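Data block below; observations after.
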Amino acid sequence: PWLSELGHSKYKTFGQKKAVRLIYESAPGSTNIVVLPTGSGKTTAFFGPASLANPKLSVLVVPTVSLALDLERRLKEDLGYEESAAYHGGLNETEKKEFLGNVRSNRKWIVITNPESLFGPLEKAIRDQADNGNLKYFGIDEAHIVAGWGHTFRPEFQFLSGFCNKLRELSKDKGEEIRLILFTGTLDQYSFDVLEKLFS
């Protein structure tokens, strides 16, 4: 029933229903892979449990700034979210400072960013939230990209593995070990093996 708060009267697909329940009921410290085709409700499957975890922080890493901005727009339309949710290089210094201040002071329950923007000033703010026991979910959208990219092209995608391990370590000490959710619309055996090796 709480999905009605996101503007939905029913699940979009059976897979979305399973994904929402998987994420909501995921165990502390677990890694979960959600494989759903484009348009079948991956985003809502993350935003729903994340909104219920409010005021704890949830972070969603996406491949592009344009996708981050599109998801921010949907948050504002579906949830009436009035603040900025997307952290990216296009923000001016004042906007970045305000955004980071809201993350540090626990006034923001959702952050959407791309890997390159994550590994800047935002990295420490998120680590601090994990160290304070205030980080609930960490999601990676289009996670199959991690297996295909990362050696020479956009290596930040594979840096996510070590970063997530550090977040787990910090949050476990505070009794709120993060739940890692890997989203993708396509997953072959090679990609699965890489994700399992890096994130399990």
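Taking the criterion of being open to solvent by less than 60 Å² (accessible area, probe 1.4 Å) and at pLDDT below 90, would at least one residue in segment 53-74 satisfy it? The answer is no; no qualifying residue exists.
Screening segment 22-42 for residues that are touching a strand residue (DSSP E or B) at 6+ places or on another chain (Cβ under 6 Å) and polar (S, T, N, Q) and picking the one that is surrounded by the fewest Cβ atoms within 10 Å (Cβ to Cβ) gives SER30. Check off (1) within 18 Å of the chain's Cα centre (by Cα); (2) acidic (Asp, Glu); (3) closer than 27 Å to GLY41 by Cβ for ASP128 and give me the number that stays unchecked. Unmet condition: (3). Taking the numbered list (1) touching a Phe, Trp or Tyr at 6+ places or on another chain (Cβ under 6 Å); (2) assigned to a loop (DSSP other than H, G, I, E, B); (3) without any contact (Cβ under 8 Å) to a residue 12 or more places away in the chain in turn, LYS17 passes all entries but (2).
Given the criteria surrounded by 15 or more Cβ atoms within 10 Å (Cβ to Cβ) and hydroxyl-bearing (Ser, Thr, Tyr), does SER200 qualify? No. Residues in segment 107-120 that are touching a strand residue (DSSP E or B) at 6+ places or on another chain (Cβ under 8 Å), open to solvent by 10 Å² or more (accessible area, probe 1.4 Å) and among the hydrophobic types (A, V, I, L, M, F, W, C): TRP109 only.
Taken over segment 187-197, the criterion of being surrounded by fewer than 16 Cβ atoms within 10 Å (Cβ to Cβ) and either in contact with a Lys or Arg (Cβ under 8 Å, 6 or more places away or on another chain) or in a loop (DSSP other than H, G, I, E, B) (or both) is satisfied by ASP188 alone.
The values are calculated or read from the model by the stated rules, or taken from the named source; none is laboratory data. Since the structure is predicted, the reported quantities are computational estimates derived from the model, not experimental observations. All Cβ positions, even for glycine, are placed from backbone atoms using ideal geometry, and neighbour counts span all protein chains on display. What goes into the accessible areas is simple: the full protein's heavy atoms, side chains included, and nothing from ligands, DNA or RNA. Shrake-Rupley method; radii C 1.70, N 1.55, O 1.52, S 1.80 Å.
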